[in-house]
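The values are calculated or read from the model by the stated rules, or taken from the named source; none is laboratory data. All of these numbers come straight from a predicted model, not from anything done at the bench. Ideal geometry is used to build each Cβ from the backbone, glycine not excepted, and the neighbour counts take in all protein chains shown. Surface areas here come from the heavy atoms of the whole protein model, side chains and all, with no ligands, DNA or RNA. Shrake-Rupley method; radii C 1.70, N 1.55, O 1.52, S 1.80 Å.
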Amino acid sequence: MKLTMQLKSRSYDIILKAGCLANLHQFTNVQNRRVFVLTDSGVPAQYAETIAAQCPTSTIYTIPQGEGSKCLKVFGQVLQAMLDFGMDRKDLLVAVGGGVVGDLGGFCAASYMRGIDFVNCPTTVLAQVDSSIGGKTAIDLGETKNIVGAFWQPKVVLVDFDTLATLPRRHVVNGLAEALKTALIGDPQLFAMFETEHPEENIEQIVYRSLKFKKKIVEQDEREGSVRACLNFGHTIGHGIEAVKGIRGRRTTGLYHGECVALGMLPMIEDPALVKRVRAIYRTLGLPTRTGVNKAKVLEYMQHDKKTCGASITVILCPGLGCWRADKISTAELPHLLGLE
Ligand SMILES: NC(=O)c1ccc[n+]([C@@H]2O[C@H](COP(=O)([O-])OP(=O)(O)OC[C@H]3O[C@@H](n4cnc5c(N)ncnc54)[C@H](O)[C@@H]3O)[C@@H](O)[C@H]2O)c1
Ligand SMILES: [Zn+2]
């Protein structure tokens, strides 16, 4: 399967095929330039090695796994390693891993010498259904997620389904939460796959449908001036929960990004019958249905979040299956949204 992101001079192909990592050389020039392969310590080394083996001049750089690597320190270390490797502006960075490697690697590619080519090879469900396309690259500053970054589109995206064979089940489910986001705001047929089939047996179709929807939105609004905001469904509260309960740094228990988004979506669904159906899907998959987190702390974070500060914020609501609307609400309404009053 193949999709093409149509963004004029920044257009690119998204290849969806088991085993496609071994064919990188067919999709981009790896012969006459240096190739910097970025991965993390939790991604089985064989994936980065498969990429590097196709490139006569390559190096593999491995960052520690986890959200904590999306920080200025690791960003600086990667750029230094790129410089030490002698990279110039015609060279290539290939990210092999989940959303952490993709977001950090994309931002390194966007920044190094004001921008070099970037190929994304997502190896988690979350990265395959969502983060690997669209060009949003970023790192965090402390607890503030994705606050430093750039729009930088990849040259090609290789979605190799074989890589999911080694992914722990919790991460499979974590990624499915972002696919469910897409289903709720834009694809009732995808939602049906969650309700009536075994999502884990249909990953390839779920990835394809999710990327197809995101591609359509990004093509209309690459820089999030309008419709792209719908992809933030579940993220306003989700990021608040992630700040308080996300797994990162020394905090090794808690929730992953998709799990936080899953929780963040529930208060944004306006139809109570649909909320019930979504909760049932969460229970089947093993996604959390309750935060188990101090809501007052989430509220405090949201009220002080640099991204939401000001008298009002825009939230994305789901009035019914397959649709969404943006609403500007006063920050004074946040406690109500969180069920705090
Ligand atoms: N740029 C965007 O548009 C966008 C969209 C959604 C999410 N995100 C970002 O994505 C990040 C989360 O991504 P994630 O959920 O992929 O987390 P992740 O990148 O941390 O990967 C999860 C874990 O799985 C391991 N792993 C990766 N591939 C594996 C494989 N094939 N087999 C075994 N283990 C593997 C990793 O080492 C890591 O420990 C967050 O930082 C979030 O902000 C970005
Ligand atoms: Zn997300």
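Overview of values
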item	result
Residues of region 250-277 classified as within 13 Å of ligand 1 (Cβ to nearest atom) and in contact (Cβ under 8 Å) with a residue 40 or more places away in the chain, total	6
Test for SER111: is it under 12 Å from the mean Cα position of the chain (by Cα) and outside the structural domain of ALA183 (by TED's automatic domain parsing)	no
So PHE107, is it in a helix (DSSP H, G or I) and buried (at least 24 other Cβ atoms within 10 Å of the Cβ)	yes
Residue in region 142-160 that is under 17 Å from the mean Cα position of the chain (by Cα), outside any helix (DSSP H, G or I) and not assigned by TED's automatic domain parsing to the domain that holds GLY68 present	no
Residues satisfying the stated conditions in region 182-207, i.e. in contact with a Cys (Cβ under 9 Å, 6 or more places away or on another chain) and not β-branched (Val, Ile, Thr)	LEU184, GLY186
Tally, over region 126-159, of residues that are hydrophobic (A, V, I, L, M, F, W, C), in contact with a Lys or Arg (Cβ under 7 Å, 6 or more places away or on another chain) and modelled with pLDDT under 95	1
Looking only at region 228-269, and only at residues there that are small (Gly, Ala, Ser) and crowded, with 18+ Cβ neighbours inside 10 Å, the one that is farthest from ASP327 (Cα to Cα)	GLY246
Residue within region 61-81 that is away from ligand 2 (no atom under 16 Å from the Cβ), under 27 Å from ALA179 (Cα atoms), open to solvent by 60 Å² or more (accessible area, probe 1.4 Å) and not polar (S, T, N, Q) present	yes
Neighbours by Cβ (under 6 Å, 6+ apart or cross-chain): first from region 206-226, in a loop (DSSP other than H, G, I, E, B); second of a type in the set (Lys, Arg)	ASP221/ARG228
Residue match in region 108-117 (condition: more than 13 Å from ligand 1 (Cβ to nearest atom) and touching a residue at least 60 places away in the same chain (Cβ under 8 Å))	yes
Which listed residue is touching a residue at least 12 places away in the same chain (Cβ under 8 Å) and either closer than 23 Å to CYS323 by Cα or within 16 Å of ligand 2 (Cβ to nearest atom) (or both), from LEU141, LEU180, LEU167, LEU158	LEU180
So ASP162, is it of a type in the set (Asp, Glu), near ligand 1 (Cβ under 6 Å from one of its atoms) and open to solvent by 10 Å² or more (accessible area, probe 1.4 Å)	no
Selection count where residues are within 16 Å of ligand 2 (Cβ to nearest atom) and hydroxyl-bearing (Ser, Thr, Tyr), scope region 214-253	1
